[in-house]
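Novice: For reference, the structure I am asking about is given below.
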Amino acid sequence: MDTKLNGPLGRIARVRKMMEERGYDAVVIRDEANLRWLTGAKGTFDYTFEFPHVTFITADECYFHTDSRYFNTFQENLPADSPWKLDMNEGTMPRWVAERARDTRSRVIAVEDDMQISFYFGIMRALEDLSITASLPQLHHDLQRMRAVKDDEEIALMRQAQSITDAAFQHMLTFIKPGLTEKQIRTELENFMFSNGADSLAFGSIVASGPNTANPHAVPSDRVVQRGDFVLMDYGAGYCDYRSDMTRTVVVGEPTPEQLDLYALVRRTHEECAAAVHAGVEGNDIFKLSRKIIGDAGYGDYYNHGLGHGVGIDIHEMPNFNRSMNIIEAGSVITIEPGVYLPGIGGVRLEDYGVVTEDGYEPFTKSSHELQVIDC
């Protein structure tokens, strides 16, 4: 079994190796991010909470059940060497799972941790109806841990997503000016990404100005940008289902000494933490480093979120740079995003994302760390 392959075949091989080690006869998957990762079907999933698909993977076969709305799309978008056997048989999906268990003589069938309770009990009832005794252990986030380490194909897609994101930032430097609202800036930002290669947004874009920049997850409002404001943009492009994530804080007009000092602190924190990242480091140690730098400068009470997180098909994936204990592996794609937020005054966040290597951290983000001043 070759677990070093790139792309979907390599990912399936990794899942089967895990199955062999755990004693699973089969694995049932419904989460669409996991399905995108395993199938390689680009532009097919709509990431709703409907869960219209289910798969059943054994040591020898890969079965995929969908319905008539998606069947042709999957046939068109699965890679040429895909091992998936597609069907859209009538009947319930839990019954379909039970029938695959019957046909493959699977008796230990692992399921995702966040599978709907109704679906889980539906499988149990269907197995009972078929007079099959089987156990349904949880996967305990095994697939999410696998997805944390990206292969070459995934990294190429994420580099492309970030190139769109960087281009959008350069465009916004020529667009932002006093008199525009946060909503108008968001609209221009997102339209630019869609017009320049993005096929989705990585997440709902954050655009904040003035005192609103003190809210880490501010919702764009009708507030009008004024001379002297910080403007914070946290956003990303989606490209072939993979996502980018970047934050830049700019200043409109000549910055004050206080603004320069705050920005310099966040920049120093970011760059010192990035320099400390390498394969094998514990995420919590890098988080504690960021807390120390900002705390020693007297702003510890104004930095209360994690330092970063994994990115991939989902905008938040493993691993994390926060209080949780996790070892960062080579091939992980992570953000580094320290920030300081002063209520009623404003805040600064500086975020890149990139890949962890044996020797360090390679940002995909190419936009400068220099504070960008909008002339007005």
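The values are calculated or read from the model by the stated rules, or taken from the named source; none is laboratory data. Owing to the predicted nature of the structure, the values given are computational and were not obtained by experimental measurement. Reconstructed Cβ throughout: ideal geometry from the backbone, glycine too, with neighbour counts over all protein chains shown. Quick note on the areas: whole protein, heavy atoms, side chains included, nothing else; ligands and nucleic acids left out. Shrake-Rupley method; radii C 1.70, N 1.55, O 1.52, S 1.80 Å.
Novice: Take the Cα gyration tensor of segment 180-260, multiply each eigenvalue by 5, square-root it, and list the three semi-axes largest first, rounded to whole angstrom. If you can, show how the numbers build up before the last one.
Specialist: Numbers: eigenvalues 122, 31, 24 Å².
Ellipsoid half-lengths, sorted descending, are 25, 12, 11 Å.
Novice: Ordering R323, R248 by how much accessible area each has at a 1.4 Å probe, largest first, what is the list?
Specialist: These residues rank, largest area first, as R323, R248.
Novice: Test of understanding: express the Cα radius of gyration of segment 88-187 as a ratio to 2.2 N^0.38 Å, with N the residue count. Walk me through the numbers on the way to the answer.
Specialist: Working: Rg = 23.6 Å, N = 100, 2.2 N^0.38 = 12.7 Å.
It is 1.87.
Novice: Rounded to a whole number of µm²/s, how large is the Stokes-Einstein D of segment 1-102 at 4 °C and 1.567 mPa s, given Rh as the Kirkwood radius over C-alpha pairs?
Specialist: Details: Rh = 14.0 Å.
Using the Kirkwood radius from Cα pairs, D works out to 92 µm²/s.
Novice: Average the reciprocal distances over every distinct pair of alpha-carbons in segment 51-121, invert the result, and give the Kirkwood radius in Å.
Specialist: When all Cα pairs of segment 51-121 are included, the Kirkwood radius is 13.2 Å.
Novice: For the chain, find the longest principal axis of its Cα atoms and tell me its angle to the long axis of helix 152-175, 0 to 90°, nearest 10.
Specialist: 30 degrees
Novice: For D296 and E76 in one chain, what is 0.36 nm times their gap in residues minus the Cα-Cα distance, to one decimal in nm?
Specialist: Numbers: separation 220, 0.36 × 220 = 79.20 nm, distance 5.62 nm.
Full-extension gain reported as 73.6 nm.
Novice: What residues qualify as long-range amide H neighbours of S200, i.e. H under 5 Å apart, gap of 5 or more or another chain, H built at 1.01 Å from N?
Specialist: Here the answer is G238, since their amide H atoms fall under 5 Å of that of S200.
Novice: Something else about it: Can you compute 3J(HN,Hα) from phi for each residue in segment 281-286, using the Karplus curve 6.51 cos²θ - 1.76 cosθ + 1.60 with θ = phi - 60°, rounded to whole Hz and x for Gly and Pro?
Specialist: Values per residue, Gly and Pro as x: 6, 8, x, 4, 5, 6 Hz.
Novice: Further question on the same structure: Just to confirm the number: angle between the C-alpha axis of helix 257-276 and the first principal axis of the chain, 0 to 90 degrees, nearest 10?
Specialist: It is inclined by approximately 40 degrees.
Novice: A further question on this structure: In segment 17-87, which GluC sites (Glu not before Pro) are in a loop and have at most 10 other Cβ atoms within 10 Å, using DSSP for the loop call?
Specialist: Working: sites: E20, E21, E32, E50, E61, E76; in loops: E50, E61.
Answer by residue number: E50.
Novice: Could you calculate the contour length gain from K17 to I117, that is, 0.36 nm times the residue separation minus the distance between their Cα atoms, to one decimal place in nm? Spell out each step's value before the answer.
Specialist: Values: separation 100, 0.36 × 100 = 36.00 nm, distance 2.72 nm.
Gain in length upon complete extension: 33.3 nm.
Novice: While we're here: Calculate how many DSSP beta bridges within segment 1-98 are antiparallel, expressed in % of all such bridges and rounded to the nearest 5. Could you put the intermediate results ahead of the total?
Specialist: Values: 8 of 12 bridges.
Rounded to the nearest five, the antiparallel share is 65 percent.
Novice: Let me ask something else. Output the 0 to 90 degree angle, nearest 10, between the alpha-carbon long axis of helix 7-22 and the longest principal axis computed from the alpha carbons of the chain.
Specialist: Roughly 60 degrees between the two axes.
Novice: Calculate what fraction, in whole %, of the accessible area of the chain sits on carbon and sulfur atoms when a 1.4 Å probe is rolled over the protein chains. Please list the in-between numbers first.
Specialist: Details: 7960 of 16150 Å².
Roughly 49 percent of what the probe reaches on the chain is carbon or sulfur.
Novice: I would also like to ask the following. Loop-only check: which chymotrypsin sites (Phe, Trp or Tyr not before Pro) in segment 1-87 are DSSP coil with at most 10 other Cβ within 10 angstrom? Write out the running numbers ahead of the final one.
Specialist: Values: sites: Y24, W37, F45, Y47, F49, F56, Y63, F64, Y70, F71, F74, W84; in loops: Y24, F45, Y47, F49, Y70.
Filter output for segment 1-87: F49.
Novice: If you don't mind, another one. Leaving out ligands and nucleic acids, and using a 1.4 Å probe, what accessible area per residue does the chain come to in Å²?
Specialist: Details: 16150 Å² over 376 residues.
Heavy-atom SASA per residue in the chain reads 43 Å².
Novice: Averaged over all directions, how much area does the convex hull of the C-alpha atoms of segment 119-170 cover when projected, in nm²?
Specialist: Numbers: hull surface 25.3 nm².
For segment 119-170, the mean projected area of the Cα convex hull comes to 6.3 nm².
Novice: Could you give the dipole magnitude of the chain about its Cα centre, charging the beta-carbon of Lys and Arg +1 and that of Asp and Glu -1, in debye to the nearest 20? Don't jump to the answer; show the numbers that get you there.
Specialist: Numbers: 36 positive and 57 negative charges, 67 e Å.
The dipole of the chain has a size of about 320 debye.
Novice: Amide H of T181 versus every other amide H placed in the peptide plane: which residues, excluding those fewer than 5 positions away on the same chain, fall under 5 Å?
Specialist: Under 5 Å from the amide H of T181: V225.
Novice: Share of Cα-Cα pairs in segment 240-376 beyond 23 Å, in percent?
Specialist: Values: 3029 of 9316 pairs.
That fraction is 33 percent.
Novice: Go through segment 59-68 residue by residue and turn each phi into a ³J(HN,Hα) via Karplus (6.51, -1.76, 1.60, θ = phi - 60°); whole Hz please, and just put x for glycine and proline.
Specialist: So the Karplus estimates, Gly and Pro as x, are 5, 10, 9, 10, 9, 9, 10, 9, 10, 5 Hz.
Novice: Dividing the Cα convex hull volume of segment 337-376 by residue count, how many Å³ per residue is that? Kindly include the intermediate steps, with their values, before the conclusion.
Specialist: Numbers: hull volume 3.6 nm³, N = 40.
Here the figure is 89 Å³ per residue.
Novice: Taking every pair of alpha-carbon atoms in segment 125-249, what share in percent sits in each 5 Å bin, from 0 to the bin with the longest distance?
Specialist: Once binned at 5 Å, the Cα pair distances of segment 125-249 give 2, 10, 17, 16, 13, 10, 8, 6, 5, 4, 4, 3, 2, 1, 0.
Novice: Based on a Kirkwood Rh over C-alpha pairs, give the Stokes-Einstein translational diffusion coefficient of the chain at 25 °C and viscosity 0.890 mPa s in µm²/s.
Specialist: 110 µm²/s
Novice: If we restrict to alpha carbons, what Rg and Dmax does segment 92-134 come to, in Å?
Specialist: According to the Cα coordinates of segment 92-134, Rg and Dmax are 9.5, 26 Å.
Novice: From Cα pairs below 8 angstrom and at least 6 apart in sequence, can you work out the relative contact order of segment 195-330, rounded to a whole percent?
Specialist: The value is 21 percent.
Novice: Can I ask one more? At 0.36 nm per residue, and after removing the present C-alpha to C-alpha distance, how many nm does the segment from T357 to T256 gain when stretched out fully?
Specialist: Values: separation 101, 0.36 × 101 = 36.36 nm, distance 3.80 nm.
Net length gain for the segment: 32.6 nm.
Novice: Let me know the Rg and Dmax you get for segment 220-310 when you use only its Cα atoms, in Å.
Specialist: 15.7, 46
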